[in-house]
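Engineer: Have a look at this one before I ask anything.
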Amino acid sequence: MTTEDNDFSNGTAYVDGQIVPVSEAKISVLDWGFLHSDATYDVVHVWEGNFFRLDDHIDRFFNGMDKFHLSISYGKDEVKSILIDCVRKSKLRDAYVEIICTRGMPKPGSRDPRNCTNRFIAFAIPFVWIACPEKQAEGLSLVISDIQRISPLAVDPTIKNYHWLDLVMALFQAYDQGSETAVVVDGAGNIVEGPGFNFFVVKGNTIVTPDRGMLEGITRKTVIELVSANSHEMQQRPLAAEEARSADEVFITSTAGGIMPVTKIDGKKIGDGLPGPVTMKLRASYWKLHRNEAYRLAIDYGQ
Ligand SMILES: *Cc1c(COP(=O)(O)O)cnc(C)c1O
């Protein structure tokens, strides 16, 4: 057996009923998922051999398909077992696992989305960090972009989608300014979210996160749950850029990296310029929760 024939170590993908090495997974250039960003998706992670909050991710995915008039022939339990198979076959203990439903393509000569056969794809690849643990130790530098997130009146931001040009253009602004990442704003100038993450500020005894115009992240939800069990007041409401600049602490949240401290905004230090104690305590609780039976699903890797 050559490595090319059967190399699942860089990840696996499920396409057309088969699990293949991720490098071999392909879709048609005519798929509307590619041509029109006409798709929904979700990302869940596997940490130390366990899925984290898998049911929450699958529920969000099915809810998004419903709202986008997409459907697949698999039920939630079938999707779950496909994902377990993908990870088991990859042997990855820490993985980034994505599920996608694309519109597919209409019949030749048609542009009627009702004629499309929707397509389901899944893949498991090595864990992806928005900021690696070393970077998290010093904190991220972030810019507050003047670019607006695509309006919630155009595309429902609570459904995970591939309308990312606003987010990617904001990233280029950040790089131009020597920063690592960015957040975008809504029509009123309030911060909404960044490329694949939610945004939080800590000021005195309160923790604030935007309540509209963004994806309701599972990591965000986990933070809200952790905070209500602790000593801070959690506020979900519009968040002005000024509040972020004058915060005691700032952090971002994502399945791709967990809870990550931000120590600079637009080139200026937040607080003393070090990851804050509230952020680091939440971060420790978040990773500890990964061992909790109620949140994890262990993968049996066999031999
Ligand atoms: C995925 C994503 C997030 C974070 O959601 P999690 O469920 O915590 O990973 C935030 N914003 C956008 C635009 C996203 O795509």
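Readers should treat all values here as calculations from the given coordinates under stated rules, not as data from a laboratory. Please read all numbers here as calculations on a predicted model, not as lab measurements. We place every Cβ from the backbone using ideal geometry, glycine too, and count neighbours over all the protein chains shown.
Engineer: What residue among GLY49, GLY64, GLY187 shows peak mean-square fluctuation when the chain is described by a Gaussian network model with Cα springs under 10 Å?
Structural biologist: GLY187
Engineer: Starting from the 7 Å offset along Cα-to-Cβ, what nm value, one decimal, do you get for the label separation of ASP66 and ALA188?
Structural biologist: 2.8
Engineer: Follow-up. Translational D (Stokes-Einstein, µm²/s) of the chain at 37 °C and 0.692 mPa s when Rh comes from the Kirkwood sum over C-alpha pairs?
Structural biologist: Translational diffusion coefficient: 162 µm²/s.
Engineer: Shifting gears a bit: When the convex hull of the C-alpha atoms of the range 3-126 is computed, what volume per residue in Å³ does it have?
Structural biologist: In the range 3-126, the Cα hull volume divided by residue count equals 99 Å³.
Engineer: Shifting gears a bit: Taking the alpha-carbon distance from LYS203 and a cut-off under 18 Å, which aspartates and glutamates remain once sequence neighbours fewer than 8 residues away in the same chain are dropped?
Structural biologist: Leaving aside aspartates and glutamates fewer than 8 places away in the same chain, those within reach of LYS203 are ASP211, GLU233, GLU242, GLU243, ASP248, GLU249, ASP272.
Engineer: Could you give me the percent of Cα pairs per 5 Å distance bin for the range 65-136, shortest bin first, beginning at zero and ending with the bin that holds the maximum distance?
Structural biologist: In order of increasing distance, the bins hold 3, 14, 18, 16, 14, 14, 10, 7, 3, 1, 0 percent.
Engineer: Right, next: Might you report the magnitude of the Cβ-based charge dipole of the chain about its Cα centre, with Lys and Arg at +1 and Asp and Glu at -1, to the nearest 20 debye?
Structural biologist: 260
Engineer: So in the chain, what percent of DSSP beta bridges are antiparallel if you round to the nearest 5?
Structural biologist: 80
Engineer: Taking only C-alpha pairs under 8 Å that are 6+ residues apart, what is the relative contact order of the chain in percent?
Structural biologist: Relative CO of the chain lands at 18 percent.
Engineer: Separate question: Pairing the Cα long axis of helix 165-176 with the longest principal axis of the chain, what angle in degrees results, from 0 to 90 and rounded to the nearest 10?
Structural biologist: 50
Engineer: Further, regarding this structure: Relative contact order (percent) for the range 3-126, with alpha-carbon contacts under 8 angstrom and 6 or more residues of separation?
Structural biologist: Relative contact order of the range 3-126: 34 percent.
Engineer: Still on this structure, please answer the following. Using a 7 Å offset from the Cα along the Cα-to-Cβ direction at both GLN236 and PHE172, what is the distance between the two label points in nm, to one decimal?
Structural biologist: Label-label distance for GLN236 and PHE172, simple model: 3.4 nm.
Engineer: Pairs of alpha-carbon atoms within less than 8 angstrom and 6+ residues apart define the contacts here; what relative contact order does the range 133-289 have, in percent?
Structural biologist: 25
Engineer: Continuing with the same structure: Note down the magnitude of the dipole of the range 80-231 about its Cα centre, charges +1 on Lys and Arg C-beta and -1 on Asp and Glu C-beta and zero elsewhere, to the nearest 20 debye.
Structural biologist: Approximately 860 debye in magnitude.
Engineer: Now, a different point. Size of the range 133-289 along its principal axes in angstrom, Cα-based, largest extent first?
Structural biologist: Per principal axis, max minus min of the Cα coordinates gives 38, 31, 26 Å.
Engineer: In degrees between 0 and 90, to the nearest 10, how far off the longest principal axis of the chain does helix 218-228 point, with axes built from Cα atoms?
Structural biologist: Helix 218-228 sits roughly 40 degrees off the main axis of the chain.
Engineer: Quick check: residue separation of LYS269 and LYS221 times 0.36 nm, minus the Cα distance between them. What number comes out in nm?
Structural biologist: Separation in residues times 0.36 nm, less the Cα-Cα distance, equals 14.6 nm.
Engineer: So how do 19-30, 35-46, 95-106, 238-249 stack up, highest first, on mean other-Cβ count within 10 Å?
Structural biologist: Result, highest mean first: 95-106, 35-46, 238-249, 19-30.
Engineer: Then there is this: Suppose each label sits 7 Å from its Cα in the direction of the beta carbon; what would the SER246-ASP77 distance come out to in nanometres?
Structural biologist: Here the modelled spin labels are 5.6 nm apart.
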